[in-house]
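The values are calculated or read from the model by the stated rules, or taken from the named source; none is laboratory data. Nothing here was measured: the structure is a model prediction, and the numbers come from that model. A quick note on method: Cβ atoms are made from the backbone with ideal geometry, for glycine too, and the neighbour counts reach across all protein chains shown. Keep in mind that these areas ignore ligands, DNA and RNA; they rest on the heavy atoms of the full protein, side chains included. Shrake-Rupley method; radii C 1.70, N 1.55, O 1.52, S 1.80 Å.
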Amino acid sequence: MTNRTPLIAGNWKMNLDHLQAIALVQKLSWTLNDADHDFGEVEVVVFPPFTDLRSAQTLIDAEKFEIKLGAQDLSQHASGAYTGEISGQMLSKLNVEYVLVGHSERRTYHAEDDSVVQQKVAAAWENNLIPIICVGETLEELETQGQSAVPIIQTINALSGHKVLGDFVIAYEPVWAIGTGKVATAQEASEVATAIRKALQANFGDDAANSRILYGGSVKANNVAGFLQSEQVDGVLVGGASLDAEEFSGISRFKKHIVL
Ligand code: PGA
């Protein structure tokens, strides 16, 4: 057994306006509450688009929902002439607790390299946000470099050069498994999580090595239990399936699935 609290994260990507966001957060909370979900035992975090955050926050506060709020990205800069960017301070004022950093779609479509990711991790910590650092290899990298090489390098680069490390989460998402329906096997996910944990231990010590490591890529209610049977995998980062309240609450209640 580990002392790490499992984390179920729902990345909505560029889906749902603020009215649809309110409806989904409401439905998700009701569904989980009806099922007596213990949010202390399994943390549930949603990552809506920026324009939905204020509405989701107001609802969560007013209804005292236990679902937590995350953002999909943040600027590496504190403030200033960066048209279109959103700062860490803006997010933390909205009670955002987590922020995705270096998602493969940011790396691919917005040319975010490891240096930008490293700066975004620093910006998150400066604003008391917990970065969920996304790492993962493409199919070509898998074939040429093996399964753990790229995730390990991306992890080390994101965490190097900081004076002190704050809390963080690593999300291992093989790029070839995101939105494709192709899923890594539970064993592959466990092996890569183990390799990342070893690299954390060797480079940054015990506390860093006890950080949560998630798996992401085509996770559904009917395959989540396999990933989470590994002691090394502390939760999942879910894209498409997080847009459906029933499906996402099924994923969040994985423990009960195992017990039943
Ligand atoms: P998916 O996305 O679950 O739709 O594959 C995962 C992610 O990109 O975080």
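Tabulated data for the structure shown
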quantity	calculated
Loop trypsin sites (Lys or Arg not before Pro), the stretch 90-168 (other Cβ atoms within 10 Å of the site Cβ: 10 or fewer; DSSP)	LYS163
Counted charge near HIS18, where neighbours are those whose Cβ lies closer than 13 Å (Asp, Glu -1; Lys, Arg +1)	-1
For the stretch 164-229, with +1 on Lys and Arg beta carbons and -1 on Asp and Glu, the positive-most of LEU165, ALA202, LEU214 along the dipole	LEU214
Fully extended contour minus Cα-Cα distance, from ASN223 to THR185, at 0.36 nm per residue	12.7 nm
DSSP-defined beta bridges in the chain - what % are antiparallel, rounded to 5	0 percent
Charge tally in the Cβ shell below 13 Å around GLY179, where Lys, Arg are +1 and Asp, Glu are -1, GLY179 excluded	+1
Pair ASP17, PHE50: separation of 7 Å Cα→Cβ label points (nm)	1.9 nm
Estimated 222 nm signal from helices in the chain, with DSSP H stretches of n ≥ 4 weighted -39500 (n - 2.57), rounded to 500	-13000 deg cm²/dmol
Length gained when the stretch ASP38-ASP206 is fully extended (0.36 nm per residue, less Cα-Cα span)	57.7 nm
Lys, Arg +1 and Asp, Glu -1 on Cβ, resulting dipole of the chain about Cα centre, debye, nearest 20	180 debye
Where chymotrypsin sites (Phe, Trp or Tyr not before Pro) fall in DSSP loop in the stretch 1-101, at most 16 other Cβ within 10 Å	PHE39, TYR82
Nonlocal Lys pairs with alpha-carbon distance under 21 Å, the chain (8 or more apart, or different chains)	21
Between the stretch 157-184 and the stretch 68-119, the alpha-carbon center distance in angstrom	14 Å
Percent accessible area from carbon and sulfur atoms, the stretch 119-260, protein chains only, probe 1.4 Å	50 percent
